[in-house]
C-alpha cells in the first residue's frame, strides 16, 4: 500500500556501546529532525540534558559519571523510577541498537535507532526526563511519536511508550503512543534522503 512504511534488512545489535552506535553510517531521527540543507544543527549540552543522560545511564547500565554535580539528583530520580516501575523494568532489555532499511512509495532509506528499553516482540519504552509540567505538550513539541515510530518499526513491534519524569512535579508517568503503519515525518525523509528501489 502506498501509505504504508515498511522496514526490512533489520539487524538487532546487543551490547553495542553508544559511541560505536553513533559511528554507524545509517540515518537516525536526531539528524533528520535537526538537519537543515543536509547539515545537522549543533546541540548545546545543558544541565537539563546532562541530568537526563545521567538517569538514563543509571537505569540502562551505561557509563555513569558519579563525580558530576547532578549525579545525586539523577540517582534520586532513578531510584524513584525503579521503585515505581521496577516490576516492568526487570523484564526489559536496555539499549538495543538497530539498523534497517525503511521503504516507502518506491524509495528506501538506511536507518538506525536505539530505544532505551525493549521487551522483545512486544514493545519499546523510551525514558524522557523533562523540566516541564505539561508532559503531553513536550511529547508533541519534541516529536517523540516520530522518534518512536522509527524504533518500533526497527524492533517490529506496535507498542511504544514514553516513560516520563517531570522534575517540577516529581512525578513519573507511562504514556502510550499511537504508531500505526504510516508517519508523515518519515515518509518525507525517506523520499528526501532515500534512493529509488530498483526492481530485481
task = Determine, for 114, 36, the number of other Cβ atoms within 10 Å of each Cβ, and report the residues in order from fewest to most.
result = 36, 114
key: Length gained when the stretch residue 43-residue 17 is fully extended (0.36 nm per residue, less Cα-Cα span)   = 7.3 nm
task = For the chain, find the longest principal axis of its Cα atoms and tell me its angle to the long axis of helix 144-155, 0 to 90°, nearest 10.
result = 70
inquiry  = Could you give the length gained by full extension between residue 158 and residue 34, i.e. 0.36 nm per residue of separation minus their alpha carbon distance, to one decimal place?
reply    = 42.1 nm
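Please order 30, 166 by the number of other Cβ within 10 Å, starting at the fewest.
Fewest-to-most Cβ neighbours within 10 Å comes out as 30, 166.
Among 67, 24, which comes first, second and so on when ranked by fewest other beta-carbon atoms within 10 Å? Show your work: numbers first, answer last.
Details: 67 6, 24 18.
Starting with the residue having the fewest Cβ neighbours, the order is 67, 24.
May I ask you to derive the FRET efficiency for residue 9 and residue 91 from their Cβ-Cβ distance with R0 = 30 Å, giving the value to the nearest 0.05? It would help to have the intermediate numbers written out before the result.
Details: r = 28 Å, r/R0 = 0.92.
Efficiency at R0 = 30 Å is approximately 0.60.
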message = Compute the angle between helix 71-89 and the longest alpha-carbon principal axis of the chain, please, reported from 0 to 90 degrees and rounded to the nearest 10.
response = 70
task = Identify which of 146, 65, 116 has the largest mean-square fluctuation in a Gaussian network model of the chain, with springs joining Cα atoms closer than 10 Å.
result = 65
query = Can you give the relative contact order of the chain as a percent, counting alpha carbon pairs under 8 Å and 6+ residues apart?
reply = 25
task = On a 0 to 90° scale, report how tilted helix 184-193 is relative to the longest principal axis of the chain, with both axes built from alpha carbons and the result rounded to the nearest 10.
result = 60
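Taking a quarter of the surface of the Cα convex hull of the range 6-196, what do you get in nm²? Display every interim value, and only then the final one.
On the way: hull surface 42.7 nm².
Value for the range 6-196: 10.7 nm².
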task = For the chain, set up a Gaussian network in which alpha carbons nearer than 10 Å are linked by springs, and say which option among 163, 23, 92 fluctuates the most.
result = 23
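If each residue of separation counts as 0.36 nm, what is the full-extension length gain between residue 184 and residue 83 once their alpha-carbon separation is subtracted?
Fully extending the segment from residue 184 to residue 83 adds 32.7 nm.
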Span from the the range 54-103 Cα centroid across to the the range 158-195 one, whole angstrom = 18
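Using packing as a proxy for protection, rank 49-58, 179-188 so that the peptide with the highest average count of other Cβ atoms within 10 Å comes first. All intermediate terms of the calculation are to be shown ahead of the outcome.
Values: 49-58: 19.6, 179-188: 15.7.
My ranking of the peptides, most packed first, is 49-58, 179-188.
A short reminder: the numbers here are calculations on the coordinates, not readings from a lab. Values in this document were obtained by computation on a predicted structure and should not be read as measured data. Using ideal geometry, Cβ is built from the backbone for each residue, glycine included, and neighbour counts are taken over all protein chains shown.
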